[in-house]
Structure formats: structure tokens, C-alpha cells
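Structure first, commentary second.
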Amino acid sequence: MEAEPVNVSEFQELARLALPKMYYDFYAGGAEDQHTLEENVKAFQRIFICPRVLIDVSRTDTSTTIMGYKTSAPIMVAPTAMHKLAHPEGEVATARASATANVIMVLSFNSTCTVEEVASSCNAVRFFQLYVYKRREISAFMVQRAERNGFKAIILTVDTPRLGRREPDIKNKMVAPQLKNFEGLISTEMNTDKGSNLEAFASGVLDASLCWKDIGWLKSITSLPVLIKGVLTREDALRALEVGVAGIIVSNHGARQLDYSPATINVLEEVVVAVQGKIPVLFDGGVRRGTDIFKALAIGAQAVMIGRPVIYGLAANGEHGVSRVINMLKDELELTMALSGCCTVKDISRSHSSKVSAQAYYAWMI
């Protein structure tokens with residue numbers, strides 16, 4: 001009998017063994033040479049924690065507030081597509097595990113369970129991720145469904161005017177299932193003779209004309225707060241403030257879009273300094289340890305999103321696997337806080353982390 005995983009990275013191998021190669025490659029792969037995919041994780045290793053000692057840490061608390069909602073930890077489940085390829089219960093299992101752990105799940109626009117199935121599966125705070133299609137009435141319809149079913153925010157992904165070149169999917173001729181959310185609206189059946197049907201589908205439906213002025217359109221069709229996911233620069237952070245978004249998610253799409261874009265932890269501080277606390281800055285990309293979460297919080301993120309590790313936990317052991325991944329990260333964060341002299345999330349400050357992107361940081365301070 002194999003030993004139980006002792007950290008979230010060990011779930012990746014369990015997922016590899018559990019899944020067909022096509023599906024494992026779909027979840028694990030990045031764009032082109034996968035340089036950014038590797039850097040998202042490695043960049044954390046170049047940041048060091050500066051612990052404070054002789055502080056009473058007999059009581060520690062990882063709870064926090066995200067967009068006004070109390071959660072057990074500054075951890076969110078990132079929007080990741082098609083969970084039923086990992087486990088038959090799909091996003092419903094992920095939603096239940098997230099609810100049990102009292103963390104916010106962001107449901108993917110490309111979910112294999114319907115908005116209604118996820119909403120009715122358990123009582124929890126959930127956000128909804130959005131892509132904007134050329135047929136904008138489809139995107140608007142999905143926003144309205146999410147709002148009607150109790151989702152609390154819209155996360156607009158803004159880094160996907162076209163799909164990045166994901167070579168494992170092309171080699172495998174990746175075939176995605178018809179998504180139940182879009183039955184009667186649009187078909188995902190595409191010719192895969194030249195590669196993945198994901199790429200063919202995306203090129204046919206994604207609205208490459210989406211631009212800053214369209215944030216106003218989205219805000220006009222929903223009463224929910226709108227956050228944008230995919231910001232990597234100071235300039236775009238400032239533009240986001242101008243158009244009135246409710247929050248920013250620093251993300252490079254899990255390194256699945258533009259290879260050689262920067263590791264997200266390397267540009268987090270640039271965005272945080274630009275925003276100056278006016279709206280929340282969340283973080284996505286490469287988190288594999290509680291120490292990674294601590295570092296992102298020290299640099300200025302309000303919370304982090306977890307993507308691939310959740311999928312690997314789901315593939316390995318369904319709802320229980322997702323719960324294990326979330327709780328491992330929570331436990332590691334709590335230990336890191338205690339060993340760093342932080343009793344609460346609010347105690348974590350920039351002084352607890354070695355300087356990263358110092359040139360960018362001081363450029364905005366001059």
C-alpha cells in the first residue's frame with residue numbers, strides 16, 4: 001500500500017497515474033516551451049521569509065475576509081475547466097470540498113457541471129468566471145444565470161483574445177466534451193484533424209475585440225462586482241482602476257497563454273504598489289506550499305488562488321482529495337505564520353519577505 005501524500009505536489013503523480021494521458025496533459029501542460037509554467041513555481045524558491053521571534057504565537061488564526069466574505073483562509077479555488085475529465089462528480093465534488101473547508105470557489109465558464117448543479121450542491125460563497133464570446137448574448141446569459149443562482153462576483157478573464165499554443169493538446173488531438181451549460185446555445189464539436197478541438201473551438205468563439213470599454217458593458221448587465229483576471233503590469237493595473245473594477249487577479253493563466261510572460265509572483269508587487277490598496281489584489285499561479293501563500297500575502301496579495309493542485313486532488317480521490325489539498329495548504333500556512341511570528345493574516349507584512357522585483361518596487365516610490 002503506497003504512503004499517503006504528505007504535500008500537495010505528491011498529488012500530481014497520483015493524478016498522472018489515475019488519468020488518461022490526454023486529460024493529464026491537458027491539466028498539467030502550459031504554452032509552447034513551458035518556460036513560464038516552470039518559472040511560476042521556481043520563482044517562489046528565490047524569495048525568502050524573514051521570521052520574527054519571541055512573539056506569542058500560542059494562538060494563530062488563518063481566517064480572513066475576501067470581497068466582504070469571511071473565509072477560513074486566504075485561499076480560493078481557481079477557475080479550472082472541465083472537472084469531470086478528472087472525476088465523475090466534477091465541479092460538484094470540488095464545490096462541496098470548498099464549502100466544507102470554508103473557502104471561496106470560482107466556477108469556470110467551461111464547467112462540465114451546470115451552474116445550477118453546482119449552486120444546489122451545497123451552501124457556500126462562490127464566484128463565477130467569465131469569458132466573452134463573439135456572441136455576447138451567450139456570455140450575458142451565463143452572467144445572469146450565475147447571478148440568479150447566488151454567485152457573488154464575476155471574474156472576467158482578460159488574457160485570452162485567442163487560445164495559447166498548448167502543444168501537448170495539439171499532439172494528443174485533445175477532445176473536449178459538450179458542455180451542459182451551453183446545450184442549445186453552442187456546440188463544442190469541432191474537427192480535430194489538425195490538432196485539439198479546444199483550439200478550434202476557442203478560435204471560433206472567443207471575442208478578440210474585447211477591450212477596456214467593454215468593462216462598462218459587463219457592469220451594465222449585472223449587479224455583481226466585476227474583477228478582472230490576467231493583469232501582469234502596472235499600466236494595466238492603473239487602467240483597471242480607471243474603469244472601476246472591484247478587484248484585480250494577478251495571473252498569467254497558469255502559464256497556458258503566453259510563454260515567456262513573467263512568473264506571477266515576480267510582478268505581484270508592481271501591481272500592488274500601483275493599486276495602493278484602492279481595490280483588492282488577488283494572486284494566481286505556482287502556489288504549491290503554505291510558504292508560497294505566506295510570501296504572496298507578504299508582498300501584498302489579499303488571497304491566493306489554487307488551480308492545478310485542486311485538480312490533482314480531485315483526480316486522485318474526488319471530493320476527499322480536494323479537501324486534503326486545501327487543508328494541507330491551510331495547515332502549512334498556519335505553521336508558517338507561527339514560525340514567522342504572525343498570529344493572524346493581518347500580521348503578515350512586507351517585512352516578512354525578502355525583496356523581490358526591487359527595481360520595479362522603488363521605481364514607483366520615486
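The values are calculated or read from the model by the stated rules, or taken from the named source; none is laboratory data. All values derive from a computational prediction rather than experimental measurement. As a convention, Cβ positions derive from the backbone with ideal geometry for all residues, glycine included, and neighbour counts pool all protein chains shown. We work out accessible area using only protein heavy atoms, side chains counted, and drop any ligands, DNA or RNA first. Shrake-Rupley method; radii C 1.70, N 1.55, O 1.52, S 1.80 Å.
Quick notes
- Restricting attention to region 120-143, the residues that are open to solvent by 20 Å² or more (accessible area, probe 1.4 Å) and under 22 Å from the mean Cα position of the chain (by Cα) total 6.
- Considered as a group, the residues in region 337-346 that are crowded, with 17+ Cβ neighbours inside 10 Å and not polar (S, T, N, Q) include one that is farthest from Ile55 (Cα to Cα), and that residue is Val345.
- The residues of region 9-42 that are among the aliphatic types (A, V, I, L, M), within 16 Å of the chain's Cα centre (by Cα) and over 19 Å from Leu198 (Cβ atoms) amount to a single one, Val41.
- Condition broken by Glu117, with the remaining ones in (1) within 23 Å of Lys171 (Cβ to Cβ); (2) over 19 Å from the mean Cα position of the chain (by Cα); (3) of a type in the set (Asp, Glu) satisfied: (1)
- Boolean, Arg239 is open to solvent by 10 Å² or more (accessible area, probe 1.4 Å) and touching a residue at least 60 places away in the same chain (Cβ under 8 Å): no
Here is a yes/no grid of residues against (1) open to solvent by less than 10 Å² (accessible area, probe 1.4 Å); (2) touching a residue at least 60 places away in the same chain (Cβ under 8 Å); (3) in contact with a Phe, Trp or Tyr (Cβ under 6 Å, 6 or more places away or on another chain); (4) not in a loop (DSSP other than H, G, I, E, B):
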{"site": "Val322", "(1), (2), (3), (4)": "yes, yes, no, yes"}
{"site": "Lys330", "(1), (2), (3), (4)": "no, yes, no, yes"}
{"site": "Leu335", "(1), (2), (3), (4)": "no, no, no, yes"}
{"site": "Ser351", "(1), (2), (3), (4)": "no, yes, no, yes"}
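- Subset tally (residues that are exposed (fewer than 13 other Cβ atoms within 10 Å of the Cβ) and touching a residue at least 60 places away in the same chain (Cβ under 8 Å)) for region 210-228: 1
- For the residues Val132, Val106, Val118, the requirement of being within 30 Å of Leu335 (Cβ to Cβ) and of a type in the set (Val, Ile, Thr) singles out Val106.
- Contact map, region 90-101: residues that are under 9 Å from Ser121 (Cβ atoms) paired with residues that are of a type in the set (Val, Ile, Thr), Cβ distance under 8 Å, separation 6+ or inter-chain. Pairs shown: Glu91/Thr112; Glu91/Val118; Val92/Val118; Ala93/Val322; Ala95/Val118.
- Residue that is modelled with the highest pLDDT [pool: residues in region 188-218 that are assigned to a loop (DSSP other than H, G, I, E, B) and of a type in the set (Ser, Thr, Tyr)]: Ser209
- When the residues of region 242-259 are filtered to those that are farther than 17 Å from Thr160 by Cβ and not hydrophobic (A, V, I, L, M, F, W, C), the one that is most open to solvent (accessible area, probe 1.4 Å) is Glu242.
- Number of positions in region 260-285 that are in a loop (DSSP other than H, G, I, E, B) and open to solvent by 10 Å² or more (accessible area, probe 1.4 Å): 8
- Just one of the listed residues (Lys295, Lys346) is at pLDDT 95 or above, more than 28 Å from Arg162 (Cβ to Cβ), in contact with a helix residue (DSSP H, G or I) (Cβ under 8 Å, 6 or more places away or on another chain) and in a helix (DSSP H, G or I), namely Lys295.
- Selection within region 286-317: residues that are of a type in the set (Val, Ile, Thr) and open to solvent by less than 10 Å² (accessible area, probe 1.4 Å). The member of this set that is nearest to the chain's Cα centre (by Cα) is Ile306.
- Neighbours by Cβ (under 8 Å, 6+ apart or cross-chain): first from region 8-22, free of Cβ contacts under 8 Å to residues at least 24 places away in the same chain; second crowded, with 21+ Cβ neighbours inside 10 Å: Arg16/Tyr24
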